[in-house]
Amino acid sequence: MRYENFLRNHFFKILALCLIILTADIFILTFGVLRLEKRAQNLKTTVEKGEEEIKKLETKAEEKEKEVKTFKESKEVIETLKNNIFLKRSQRFVDFQKEISRITREAGMESQKFGYKYTLVPKDTEKEAWKDSFVEVYMTLPLQGTYPQIKKLLSLLEESGHFITIEGIDIGQTTQGATLMDFKVGIKTYFVYDPNEDIIEEKK
């Protein structure tokens, strides 16, 4: 009875106190949730920035790898040119002729006449890397063949490792059939000039 009378007499006070405690709990809980949300948002922002930085670093690493690969490939090309291509005419001309003969045979064509024109390309004094003068050799190949044979010949010339560039193409119809064509291709390559073996006019 004492407790019942106490509760009856102080009910509203107790209720008010409970409401105050409940309100305080809700406030504390809400404040804690807001702080957690803010911390989570900050953490998310930090993670996103970290991911962006990682992507940037990955991109830079890929670019560096490409640069290294390009440098290695360029170095290999330069070494190949230096050791196998930029040689004197007496050192490489026979191999060059054999390469042209191989290509024409592989394309299913034949040519008995090769026309040559030699021109001296002087060294460029303004470019330190260009230390040598060169002999420019322009070669004319008169051939006969079908369109697939001509296409294969041009492809083989482009793929050749003998530093061959295609300078001109002339195609005409023959009297030997509708599919057979007269075909003349002009190609060019270079040799290191040697005044002891090359007597050539300078290129204008």
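The values are calculated or read from the model by the stated rules, or taken from the named source; none is laboratory data. For clarity, every value in this text was computed on a predicted model and none was experimentally measured. Please note: Cβ atoms are built from the backbone with ideal geometry, for glycine as well, and neighbour counts cover all protein chains shown.
Within the range 89-111, how many residues are modelled with pLDDT under 85 and of a type outside the set (S, T, N, Q)?
2
Taking the condition of being within 31 Å of the chain's Cα centre (by Cα) and either within 15 Å of Arg105 (Cα to Cα) or not in a helix (DSSP H, G or I) (or both), how many residues in the range 140-158 meet it?
Looking only at that region, the number is 10.
So which residues in the range 181-203 are over 35 Å from the mean Cα position of the chain (by Cα) and either at pLDDT below 80 or in a strand (DSSP E or B) (or both), if there are any at all?
Met181, Asp182, Glu197, Asp198, Ile199, Ile200, Glu201, Glu202
Pairs, please: C-beta under 8 Å, at least 6 apart or cross-chain, first residue assigned by TED's automatic domain parsing to the domain that holds Tyr116 and loosely packed, with under 15 Cβ neighbours inside 10 Å and in the range 159-184, second at pLDDT below 80 and β-branched (Val, Ile, Thr)?
Partner pairs satisfying both residue conditions: Gly161/Thr80.
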